[in-house]
Structures are given as C-alpha cells and as structure tokens.
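The values are calculated or read from the model by the stated rules, or taken from the named source; none is laboratory data. Just so it is clear, the structure is predicted and the values come from calculations on it, not from any experiment. Virtual Cβ from ideal backbone geometry, glycine too; neighbours counted across all protein chains shown. In case anyone asks, the SASA skips ligands and DNA or RNA and just uses the protein heavy atoms, side chains included. Shrake-Rupley method; radii C 1.70, N 1.55, O 1.52, S 1.80 Å.
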Amino acid sequence: MESQETIAKKPTILSDRYQTGWKEKVSEIFSRYGIFIIFLGMVTLMSFLTPYFFNVLNLINVVRQVSFIGIVAMGVTFVIITKGIDLSSGSVIALISVVAADFAHPGEHSLFVPLAIGVGVGALTGLINGTITAKGMIPPFIATLGMMTAARGLALLYSDGRPIGNLSDSFLFIGAGEILGIPFPIIVFLVVGIISHLLLSNTKFGKYTYAIGGNEQAARICGINVDRHLILVYTYAGLLTAIAGLMLTARISVGQPSMGVMYELDAIAAAVIGGTSLTGGIGTIPGTMIGALIIGVLNNGLDLLNVSSYWQQILKGAIIVTAVLIDSRKNKKS
Amino acid sequence: MKAQKIFSWLMISVLMIGLLSGCGVSQSSNARGKDHKIVIGAAMPVFDDKWLTYLYDAINDYDAKHGNVEVQMVDAKNDSVKQLTQVETLVVKGVDAIIITPVDTSAVEPMVDAAKKANIPVIVVNRMPTQDVLDKVDAYVGSESIQSGTMQMEKVAKLLGGKGNVAIMTGELGSESQVKRTEGNKDVIKKHPDMKVVREGTAKYQRAEAIQLMENWIQSGDKIDAVVANNDEMAIGAINALKSAGKLDDTLVAGIDGTTDALKYVQSGDLDVSVFQDPVKQGQGAIETAVKLAKGQKLDNKMVWVPYELITKENVEKYVKKWKEYNNN
C-alpha cells in the first residue's frame with residue numbers, strides 16, 4: 001500500500017524522528033490519519049448539532065446511502081492511482097440499471113441472469129475504457145468522457161427513454177434487503193472494501209497499479225505490461241460500478257435511464273477527499289471509504305439541519321477543494 | 001507553525017468534547033418543542049424549474065401564514081436515489097406528514113414504504129403513481145400527466161381537421177413529463193388514420209435547442225403541418241425558427257404549461273395551443289391535505305383533482321390575469 005509513499009518519505013521521517021520530539025510524531029500521525037480524525041470530528045459535530053443524527057436508524061441510513069457511491073469510488077481509486085480518471089461511472093450505472101431491470105421481472109429468469117448481465121455490461125464498458133486509453137493512447141479523460149455520453153445514449157435507447165419497473169422480490173433484496181438487521185448494500189460495501197484493500201495493498205496487482213501511477217515510463221522499463229494492467233484496472237472499476245448499479249436499481253425498485261447523473265463526480269470526490277492524489281501513485285481504499293462516509297455524513301447532517309440545498313452545494317464544493325489543498329500541501333512537504 | 005496547528009487541533013477536540021457533554025441536555029429540549037408545532041416534510045424533485053417554483057411557493061406560503069405549521073422542503077435534484085435518501089431522513093426526523101412530488105413515479109414506492117413503516121402520512125402531488133402505489137398513499141393531489149398530452153393533441157387534431165403531418169418535440173429524454181406527454185400525443189394520433197408523426201426529436205425542454213432542432217427539420221424539407229412540443233419553451237423556440245424561415249403561417253404550434261411568456265405568444269397568435277396546469281392550486285391542495293392528515297383528520301376524498309385547462313387565443317386573457325395574481329403574492 002505504501003510502497004510509493006514510504007520510498008519517498010522514509011528518509012525525512014527517520015531523520016526528523018531523531019532530531020525532534022513529540023511534535024513531529026503528532027504531526028506525522030495527523031498527516032497519516034488526518035482524514036479519519038476529520039471524519040470523527042464531523043460525526044461529533046453533527047451529533048451535537050442535531051439530536052436526530054446519532055441514532056441507530058439514521059446511522060444505518062447514512063452508511064447504506066454511502067455504500068453505492070463508496071463502491072464506485074473504490075474502483076475509481078484504482079484508476080486515479082494509475083494517473084487516470086473515470087468519468088463514465090454515472091452513465092454506466094444507468095445502462096446497467098435498465099439492462100438488468102429488463103431481465104429481472106418476476107417469474108422470467110433466475111436472479112443469476114440479471115446479476116450476471118449487469119456485471120458483464122459493467123466489465124465490458126471498463127474493458128473498452130481501458131483498451132481505448134492504453135492501446136489507443138487517448139487520454140482517459142477523453143476516452144471515459146466518450147463512454148459517459150455513449151452509455152447514457154445506450155441506456156435511453158435500450159429502455160426507449162422509459163423507466164423499467166416490475167422487478168422480482170429476489171432482485172429487490174440486493175438493494176432493499178437486510179441480513180441480521182444489516183442492510184445488504186452495507187455488507188457488500190464492506191466485503192468489496194476488504195477485497196479491494198487486499199488487492200491494492202497486498203498483491204502484485206496493487207504494486208503495479210502504484211508503479212504505473214508513480215512513473216509509467218519506469219514501470220514499462222521494469223518490465224510491467226502497462227497496457228494490459230491498465231485494461232485490467234479499468235475493467236475492475238467497471239465491475240464495481242456494475243455492483244453499485246445493480247444494488248441502486250433494486251433500492252429504488254426500477255431501472256432508470258436517467259439514473260446516476262453526476263455520480264462519477266461524487267465518486268471522484270470521495271476518492272480525493274480520502275487522500276487519493278489526482279497526480280497518480282497515491283491513494284488507499286480505507287481512505288476512499290472514509291472519504292465516501294464524509295460526503296455521506298455531510299449530506300445527511302445538512303439535510304437533518306434543514307440547510308438549504310443551495311448552501312449544501314456551496315459547502316460541499318468548499319470541502320472538496322479544501323481536501324485537495326491539504327493533500328497538495330502534504331505532497332509538497334514530502 | 002506546526003506547533004500552532006497541533007494546538008488548534010487540540011483546542012477543537014477539547015471544544016468538541018465539551019459540546020458533546022452538553023449534547024444530552026439539548027437533545028431533550030430540541031426533539032419536541034413545548035407548543036407542539038406541525039412539521040411537514042416536502043420532498044421535491046428539483047428546485048430549478050420555473051413552474052414547480054409556484055407550487056413550492058404555495059406550500060411555503062402556508063408555513064409563513066400559519067405559526068403552528070413548519071415546512072421542511074428538500075431538493076432531490078432530479079435524482080430518485082437522492083429523493084429516497086431525503087425521505088428516509090425526513091422519517092428519522094419524525095415529521096408529521098410527508099409531501100412527495102416524485103422525480104419518477106415508478107421509483108416512488110420505496111419512499112412511500114419508508115414513510116408508512118413509521119406511520120407517517122404520505123401525500124403525493126403533481127405526478128401520479130400507479131394504482132398499487134396509490135392504494136398505499138394517504139392522498140394524491142394533481143392530475144394525470146398523460147391528459148396534458150391528449151388534451152393538447154386533441155385540440156391540434158381538431159384545428160388540422162383530423163389530418164396532417166405532425167412533428168413532436170420532446171423534453172429531457174426519460175423524464176416523467178416527457179414520457180407521459182408524448183404518450184398522450186401518440187394515443188390521440190392513433191385515433192386519426194390521416195394524421196402521422198413525421199418527426200420526433202428532443203430539445204431537452206430548452207428554447208435554444210428547439211430553435212436548432214426546428215431549423216434542421218425545416219432544412220430537411222419535410223412537410224410539417226403542426227409542431228407539438230412537450231413544453232412551451234420548446235414551442236417558442238420552434239416559433240422563432242419557423243418565423244425566420246417564413247413558415248409560421250402554414251404551421252400550427254402547440255405547447256404545454258401556459259407560462260407567462262407563452263401567453264404572450266398565444267395573444268399574438270403565434271402559439272396556437274397551450275395547456276395550463278395550476279401550480280398554486282396543487283401546492284395549496286397538497287399542504288392543506290397534509291396538515292389535515294397530520295392532525296389526524298379524515299379526508300372526504302383521497303384523490304384531490306386539479307385538472308388541466310386548455311389555452312387558446314379565445315380564453316388567454318383569463319390566464320394572463322391569473323399569473324398576475326400569482327406573481328403579486
């Protein structure tokens with residue numbers, strides 16, 4: 001996980017440690033766990049500001065709301081670490097939503113069919129994104145912008161612009177169901193989080209991801225098959241987008257071609273707030289999960305406080321920029 | 001500098017712990033005020049919509065005029081998922097009734113379920129859900145979306161004498177109003193064998209887009225006898241393009257909404273048909289019904305109808321007057 005960071009930071013941190021005392025240690029802890037501290041601070045603040053925040057029902061609501069964007073954001077984190085970007089997630093969610101819904105009517109197919117088709121479509125869009133970026137040498141911003149536009153068009157075309165309802169109970173379970181009182185999306189969020197974290201921090205796949213983002217040229221020279229790896233990273237992002245899209249469709253009980261507008265930006269924001277650097281090479285899955293939770297707590301808290309939606313947008317914008325500012329200062333220091 | 005930063009963080013933590021300890025006290029006094037105020041949650045689809053603004057104003061106006069009623073209105077920004085989230089939050093807050101104007105009527109059921117699970121009355125306004133959802137809600141205020149499309153096209157069919165080529169200009173693809181209004185249009189055309197749809201395209205409810213689209217249609221050389229638009233803004237765009245091409249006299253133009261702008265075009269004879277839906281009546285109906293239900297009173301009728309009204313040159317002055325009244329309030 002820290003291959004990139006530790007290589008860059010270790011010398012300074014070590015010498016600091018010998019020269020100065022506790023202040024530096026505290027500051028190091030803060031720069032490493034800062035986002036978590038900010039998160040706890042927000043939770044504390046919200047608990048104080050409104051009596052409705054810190055109750056079980058509401059907290060479950062917050063985490064469930066966050067699960068969907070959180071899962072998308074984890075895939076996006078991989079992409080951003082390779083110095084890429086994925087603007088297509090929101091539109092791909094819409095495409096998956098209508099296609100899967102079409103196969104999820106009661107009494108037609110088993111649950112496996114819409115799930116497999118949804119995941120397949122998601123992975124395919126990721127595969128296309130990755131191939132265009134890697135083999136076509138087209139900047140990911142443009143490649144995924146194209147996918148963003150085309151996938152939305154496909155979603156509208158497939159559904160004839162209409163929502164697709166009448167979904168089977170077993171399908172609805174993945175968005176609205178609970179296991180032992182815990183909403184199913186939350187369980188998936190945690191499982192995907194653990195898998196993604198292990199993948200990024202404990203495997204060769206993860207090391208390559210950091211290496212490409214840190215220095216693509218060097219990665220190539222070291223013998224990493226950069227093209228193939230980029231394609232895999234975008235495919236993984238598409239796959240996670242599919243999981244989120246399927247659960248969202250079940251949550252609102254209908255496949256919608258208009259679903260997910262601007263979700264890509266929420267996902268990118270979650271990753272960036274969580275410490276993923278848009279310049280590549282830096283980022284963690286727990287950071288992104290906390291980033292998503294911060295957005296969720298903010299949305300929920302501001303709604304509970306009855307803050308006008310105009311102010312909510314301004315505040316959210318300010319918080320995203322502040323997070324990046326802190327991040328860029330941190331990077332400069334190291 | 002670093003020491004300063006650490007110090008400020010320590011201060012913040014101390015403050016927060018202090019605040020937290022005071023939390024228990026504030027909680028009990030906040031949750032329910034001494035004099036019991038009726039709190040109505042209003043989950044609205046999008047604030048950035050001129051017509052709906054009048055509906056919102058009518059709801060908020062009730063709050064301003066009644067000291068014992070508080071309205072908490074939230075904006076879903078045209079996102080069903082966000083709207084569901086907001087309804088869940090209103091449920092957590094324990095409001096006394098929830099008014100919903102759905103982003104998408106086919107996605108409203110989970111919202112209704114969330115509220116009913118907590119025994120909170122639900123009033124759906126303006127966009128009518130399917131029968132099985134209507135069975136669950138406490139009231140519906142408004143009309144049937146599809147009727148605006150049928151009413152509009154029926155008048156156009158009459159003016160055309162039951163035959164001719166029609167171009168349908170649709171709104172934002174996939175939006176509730178686009179789907180229903182277009183469906184209404186086509187239902188009527190099916191009944192007239194001599195009428196057919198020669199063109200169908202979206203101008204996303206925007207005047208500027210409509211000008212472009214209409215220009216392209218004119219360029220294509222097809223004979224178009226009537227342009228039927230999902231809203232007035234696009235109808236006005238089409239009028240502009242037809243005017244510059246010198247073809248407005250041979251073409252009927254119809255819109256929906258009856259906006260103040262559109263009424264001017266009806267007065268001048270450029271816009272032949274529009275359909276009016278009364279936002280203020282719907283807003284008032286919604287909040288009055290919500291307050292009744294919050295007080296535990298019974299409704300005479302679960303369906304509170306506010307029907308569409310057809311606007312043509314003959315009756316346009318009535319609506320000009322109406323908007324003047326609404327804008328003065």
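Quick notes on this one:
- FRET efficiency for B:E314 and B:K243, using Cβ-Cβ distance with R0 set to 22 Å, rounded to 0.05: 0.45
- Contact with the other protein chains removes 30 Å² or more of accessible area, compared with the isolated chain and a 1.4 Å probe, from these residues of the stretch A:214-257: A:R251, A:I252, A:S253, A:Q256.
- Euclidean distance between Cα centres, the stretch A:289-315 to the stretch B:296-329, Å: 36 Å
- Of A:L156, A:L172, A:L57, the residue with the greatest mean-square motion in the GNM of chain A, using alpha carbon springs below 10 Å, is A:L57.
- For chain B, a Gaussian network of Cα nodes joined below 10 Å ranks B:L271, B:L159, B:L84 by mean-square fluctuation, and the top entry is B:L159.
- Diffusion coefficient (Stokes-Einstein, Kirkwood radius over C-alpha pairs, 25 °C, 0.890 mPa s) for the stretch B:31-167: 149 µm²/s, rounded to a whole number.
- Expected 222 nm ellipticity per residue - DSSP helices of 4 or more, -39500 (n - 2.57), all of chain B, to 500: -16500 deg cm²/dmol
- C-alpha center-to-center spacing [the stretch B:226-258, the stretch B:62-105] in angstrom: 36 Å
- Only protein atoms count toward the accessible area here, which uses a 1.4 Å probe; on chain B, the carbon and sulfur part of that area reaches 51 percent.
- Size estimate for the stretch B:146-276 follows the Kirkwood approach: the inverse of mean 1/r over distinct Cα pairs works out to 13.9 Å.
- Zone of A:E108's modelled label, taken as backbone nitrogen in the stretch A:163-177 under 15 Å from a point 7 Å along Cα→Cβ: A:163-172
- For chain B, convex hull volume per residue from C-alpha positions, Å³: 190 Å³
- Burial of 30 Å² or greater, the stretch B:167-215 residues [accessible area, probe 1.4 Å, versus chain by itself]: B:L173, B:G174, B:V179
- Charged neighbours of B:Q72, selected by a Cβ distance under 10 Å, balance to -2 (K, R count +1; D, E count -1).
- Rounded to the nearest 0.05, the FRET efficiency derived from the C-beta distance between B:N119 and B:H36 at R0 = 22 Å is 0.85.
- Average Cα contact separation per residue, the stretch A:68-268, under 8 Å, 6 or more apart, as relative contact order %: 47 percent
- Cα centroid separation, the stretch A:114-137 to the stretch B:150-170 (Å): 44 Å
- Estimated FRET transfer efficiency when R0 is 30 angstrom, pair A:A150-B:S268 (beta carbons, to 0.05): 0.10
- Relative contact order (%) - chain B, alpha-carbon pairs under 8 angstrom, separation at least six: 17 percent
- Formal net charge of residues neighbouring A:T241 (Cβ-Cβ distance under 13 Å; K, R +1; D, E -1): -3
- In this rough spin-label picture, where each label sits 7 Å from Cα along the Cβ direction, the B:A208-A:T203 distance is 4.7 nm.
- Computed over the protein assembly as shown, the P(r) tail beyond 32 angstrom holds 56 percent of alpha carbon pairs.
- Quarter the surface of the alpha carbon convex hull of the stretch A:165-238 and you get the mean projected area, 7.0 square nanometres.
- Restricting the stretch A:218-272 to trypsin sites (Lys or Arg not before Pro) in coil, as DSSP defines it, with at most 16 other Cβ within 10 Å: none
- Every Cα-Cα pair in chain A was counted, and those over 39 Å apart are 14% of them.
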